[in-house]
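In what follows, a structure is listed as structure tokens, so that the remarks can point back to it.
The values are calculated or read from the model by the stated rules, or taken from the named source; none is laboratory data. Computed from a predicted structure; not experimentally measured. Here Cβ is always computed from backbone atoms with ideal geometry, including for glycine, and neighbour counts include all displayed protein chains. Only protein heavy atoms, including side chains, enter the accessible area calculation; ligands, DNA and RNA are left aside. Shrake-Rupley method; radii C 1.70, N 1.55, O 1.52, S 1.80 Å.
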Amino acid sequence: MRAQEGGTCKQDVCPARAAFHPPLGEDSDQSWEVEELPGDHTRPHSFFLAFGNCDGALNVAFDVVMLNKKYGAWGEQFSCEESGLLELHVSFCVLFLLLCGFHTRSFYALRKAQAVNVVISMFTWALFLQLIGLLCGVIHYAVFASDGFGVPGLRDWGRHMDMFSQAAYISVIIACGYGWNVSQRGMERRAKLALSILVSCYVALYTAMVLVAFEALNESPSQSFQSMWSTPFGVAITVLRALSAIWFLWAVIRSYRSENLTDKKTFYRITAVSFGGWLMALPFVLFLSAFLVPYTRIWFITFCLMLATFVSMFITVCLMLPSRAGRYFDVALPELLGRDDSL
């Protein structure tokens with residue numbers, strides 16, 4: 001209830017009685033449920049609640065709980081911007097769980113054949129860290145669905161797991177672009193130094209961005225997500241991803257031109273699309289989200305980034321199958337393992 005501007009105390013009581021109930025009696029304990037639907041959903045709305053006693057002092061304690069009843073029991077605690085995030089995290093968590101199980105079988109076969117190299121090991125870490133980050137998100141939003149607060153610490157821990165997963169995956173991508181463990185056994189010293197600087201900057205910027213977003217949580221959980229990418233750290237990460245994509249494409253084109261084996265050329269063509277697309281997904285998705293209405297941006301950004309990560313990692317898992325690893329990577333596999341396509 002918003003008090004009428006310029007009205008007296010007695011006049012301001014009238015809209016309160018009309019909107020809610022008559023004034024509380026002495027030592028009363030009442031529960032009010034008021035349904036207030038805004039006329040539009042394209043801008044933020046403010047709701048005001050006031051108690052007053054025109055005849056003397058007022059001593060009252062109250063709790064205000066605002067719910068979105070139209071989303072059902074599992075979605076009533078979510079704002080319009082956050083609706084659907086729980087289902088989204090659960091869906092991709094199941095997909096990544098299946099992908100991790102599939103890759104574990106391949107990794108075990110490669111390890112048994114002593115054919116695991118640095119690139120395959122780094123990717124395995126990236127994949128499982130991604131799964132851990134999603135599990136943290138699922139737990140946070142499941143608790144959020146019941147109390148409207150969730151577990152912010154666990155959510156940010158999940159974001160850090162996602163950060164380390166991305167850092168490891170970027171290392172895999174750049175290494176493959178240079179042909180490390182693909183066409184040759186090492187990288188140039190300058191390239192290794194540049195990659196170390198890139199990954200260190202990425203981790204530092206991402207950590208700073210998450211910490212800034214955690215402080216913004218005092219304003220609104222949805223605003224904290226949007227504020228992450230609008231901070232200087234978020235902008236720097238976006239630029240860093242775009243520069244990484246340019247660097248990778250330059251390296252993979254150079255490796256492709258110097259390669260003579262057909263299988264290796266096929267590998268470079270596939271990774272140019274898969275890895276390059278994943279690196280450019282962040283700046284492209286953030287650019288598109290600027291043209292969307294505000295309450296759809298969080299779901300759109302989260303869905304697109306998760307989808308891009310899953311598709312890219314799924315392709316990478318397929319490239320590392322025991323039946324293909326011997327053709328695409330610099331590993332020594334038994335003849336049978338290298339040609340059997342049953343796995």
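Tabulated data
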quantity	calculated
Extreme residue, nearest to residue 327 (Cα to Cα), among residues of the range 247-270 that are surrounded by fewer than 16 Cβ atoms within 10 Å (Cβ to Cβ) and hydrophobic (A, V, I, L, M, F, W, C)	261
Enumeration of residues in the range 271-286 that are in contact (Cβ under 8 Å) with a residue 24 or more places away in the chain and open to solvent by 60 Å² or more (accessible area, probe 1.4 Å)	280
Of the criteria (1) at pLDDT below 90; (2) more than 18 Å from the chain's Cα centre (by Cα); (3) small (Gly, Ala, Ser); (4) open to solvent by less than 50 Å² (accessible area, probe 1.4 Å), which one residue 84 fails	(2)
Subset of the range 180-212 [under 19 Å from residue 258 (Cβ atoms), modelled with pLDDT of 85 or more and open to solvent by less than 60 Å² (accessible area, probe 1.4 Å)]	191
Long-range neighbours under 9 Å by Cβ, at least six apart or interchain, first residue surrounded by fewer than 13 Cβ atoms within 10 Å (Cβ to Cβ) within the range 287-308, second among the charged types (D, E, K, R)	290/297
Single residue of 239, 252 found to be part of a helix (DSSP H, G or I), of a type in the set (A, V, I, L, M, F, W, C), within 18 Å of the chain's Cα centre (by Cα) and farther than 20 Å from residue 84 by Cβ	239
